[in-house]
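Engineer: Can you keep this structure in mind? I'll have questions shortly.
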Amino acid sequence: MIYSKNYYVLFYLLIFSITAVCSIYKPYELSLWFLESGFCFLGIFILIFTYKKFKFTNISYLLILVHFIILFIGAHYSYARVPYFDYITNSGRNNYDKLGHFAQGFVPALITRELLIRLKIVQNKNWIPFLVICICLAISAFYEFLEWWISIFSYGGAEDFLGMQGYIWDTQSDMFCAFIGSITMLLTLSKIQNRQILQLKYKKAYHP
């Protein structure tokens, strides 16, 4: 995505930093904020650490940033208290967490697909959509494990961290949202991602 003459990454880092500062300003609960936003800082660290070795396409970086923003908003309010999302459905619960889990399928699908293609991990490209969905479901399942393990040790904050709001099928519906997110990404952005991958190959070949 970014080579010496481009500044997208710096702009994205600026937006990330501003969002992080806004998110930590008077959060619902500071300890919960650290739990929820920790994934953002882990993700940005990995992206910065691997940047020189592997640069993602612009569409991937952009949507990773969008995912971070979604997580920061959830961390600020707690997922059960994000404004306006109480009124989107008549389910009697705040459904912002479902948006988060949809993004949890959508964005990792974008990243996974790009890695599989550019690193040539799979020779037969017909397998890529299936593998992308499987990996995204595995990530979603592992996240549910993390929620479970962290909630065991967070005592009073367990309900806020899990965000179940009394819904017994919360875990299953979270994974289903990630499943739908991964499929949606494959159906909507695969061609755009392919074009940007080709552009990257061209830039790397002629502008090393």
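The values are calculated or read from the model by the stated rules, or taken from the named source; none is laboratory data. Remember, it's a predicted structure, so these values are computed and weren't measured experimentally. Quick reminder, even Gly has a Cβ in these numbers, built from the backbone with ideal geometry, and neighbours come from all protein chains shown. Quick note on the areas: whole protein, heavy atoms, side chains included, nothing else; ligands and nucleic acids left out. Shrake-Rupley method; radii C 1.70, N 1.55, O 1.52, S 1.80 Å.
Engineer: Any residue that is in a loop (DSSP other than H, G, I, E, B), open to solvent by 40 Å² or more (accessible area, probe 1.4 Å) and modelled with pLDDT under 95 - is there at least one of those in the stretch 141-161? Full working, then the answer.
Structural biologist: At the first step, the residues of the stretch 141-161 found to be in a loop (DSSP other than H, G, I, E, B) are none.
No, because not a single residue in the stretch 141-161 is in a loop (DSSP other than H, G, I, E, B), open to solvent by 40 Å² or more (accessible area, probe 1.4 Å) and modelled with pLDDT under 95.
Engineer: On to the next question. Being in a helix (DSSP H, G or I), open to solvent by less than 30 Å² (accessible area, probe 1.4 Å) and aliphatic (A, V, I, L, M) is true for just one of 65, 10. Which residue is that?
Structural biologist: None of the others qualify; the one that does is 65.
Engineer: Okay, next question. Within the stretch 19-57, count every residue that is polar (S, T, N, Q) and assigned to a helix (DSSP H, G or I).
Structural biologist: 4
Engineer: Provide a single number: the residues in the stretch 16-44 that are over 13 Å from the mean Cα position of the chain (by Cα) and surrounded by 15 or more Cβ atoms within 10 Å (Cβ to Cβ).
Structural biologist: 11
Engineer: Moving to a separate point now. Restricting attention to the stretch 100-124, and to residues there that are part of a helix (DSSP H, G or I) and of a type in the set (S, T, N, Q), which single residue is surrounded by the fewest Cβ atoms within 10 Å (Cβ to Cβ)?
Structural biologist: 112
Engineer: Also, quick follow-up: Open to solvent by less than 20 Å² (accessible area, probe 1.4 Å), in a helix (DSSP H, G or I) and more than 19 Å from residue 170 (Cα to Cα), is that true of residue 72?
Structural biologist: yes
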